[in-house]
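Quick note: the coordinates plus some simple rules give every number you see, no bench work behind them. Treat the numbers as computed from the prediction; the structure is a model and nothing was measured. Cβ sites come from the backbone with ideal geometry, for glycine too, and all protein chains shown count toward neighbours.
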């Protein structure tokens, strides 16, 4: 066994006592070092330069003294088995990062290479000590409101379905603000997009503000491509960042220490919430979250050891004022899809198979559609060209009049005509125009077939003016069945300026060709 080394000040003390002519027996008593060791160090220190009698101390550094004492130390080096396992640990430390590799796999490889090596329990003990010695921890100094760390717990939690009695397992979302240590957790059905967005909404509602950055793991909902320097995030993260005026950041692949605070928070949730819920039997996800929120509030209010403040107290006093304010409404998932505008200038959404119009000029173009439960936005080359408001009672085809060409607008309007609308339109021109319009509409058994002729008669005002149209209709006032062509002829020939044919009926003069009443006796 290697001999235990002594401090250099003891070695100097031994030499000092020797210079003062103190016997070795007294040196042993004063220093507490064995006689054999004292003699050994005195023999080695004879190599030191001789000091003048006037000097009582040794003018040599601790490093120089240690080099003289230990360079000829015949202590045997560590055994070959120890050297072999240390060499193996350097290899095993790198292999641990590969998926599925654990200590048992590495120990089996070690035993194949060194059959006389350490057994599994001692192997794990030495490996743990080696990792601790070779991977020192870094101390983080956190800034209030700088970022929030989020993650999903590895262990699931469950509730009992009241109707079926089935045990339903849920994922647990955990977040922590590193500066104050404030913890948040919520049970959700899965780690899918909708549940992840809901967790972020509830987290920021709980904190009452937004940090500069949200640090997450490389889960598929948030990161499409993990990278040490430039990870690629999903569209959901970009939309969340834009809505809450924040940014998302991801840890390095296979580096859980980058989010050490939330890793520790997960263990706290296990012991302070999971453990206390083991005797509860919630019957729904909502009931489970009610139990969890109650325990979470108690956890955040509980004071730190040797401190009157808890997580919530430090957060409200020092961290909450540094957070950015929340928007008026929580984030709603916006789905995106590239589609082609159909010939009827409509695009179709994949969620409910409904159609929404865009300006007819974009027929055949590829456009991006951003939609959620409330709105539909259509973009072409980053410019918004259409916007629709959605509702639960909307029709299958949703069209905006301005998106249609002029002839289609006319067809749309004509399809919505009725007698009341046309008479009201004619009444704005004048009473005679309304009277003629009424006679044109009811000039046949089926009034709808006369709507176009009536509307065309009313539209003559754009060509000739309201006054002339009203005077022309006055000319036709005594005609039982006036027509569009009749009114148009009056206006084209300027006949509306003439005296009305039926205003003054003159008497027929008497002459010999007129038969009288006597002819009919």
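Structure values in brief
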item: Neighbour-count ranking [beta-carbon atoms within 10 angstrom, fewest first] of 199, 124; result: 124, 199
item: Cα centroid separation - the range 259-316 against the range 432-450, whole Å; result: 78
item: Cα coordinate range in the chain, projected on the principal axes (Å, largest first); result: 183, 63, 52
item: Helix 80-95 axis, angle to the chain major axis (alpha carbon atoms, nearest 10°); result: 10
item: Using alpha-carbon coordinates, inclination of helix 120-134 to the longest axis of the chain, degrees; result: 80
item: Space enclosed by the convex hull of the alpha-carbon atoms of the range 417-497, per residue, Å³; result: 73
item: Exposure proxy ranking, count of Cβ atoms within 10 Å, fewest first, for 25, 264; result: 25, 264
item: Estimated [θ] at 222 nm from DSSP helical runs (n ≥ 4, -39500 (n - 2.57)) normalised by residues in the chain, nearest 500; result: -11500 deg cm²/dmol
item: Extension reserve of the residue 384-residue 91 stretch, reckoned as 0.36 nm per residue once the Cα distance is removed; result: 99.8 nm
item: Modelled FRET efficiency - R0 35 Å, residue 418 with residue 194, Cβ distances, 0.05 increments; result: 0.15
item: Ranked list, fewest to most other Cβ atoms within 10 Å of each Cβ, for 331, 229; result: 229, 331
item: Between the range 104-125 and the range 455-474, the Cα center-to-center distance that results, in Å; result: 104
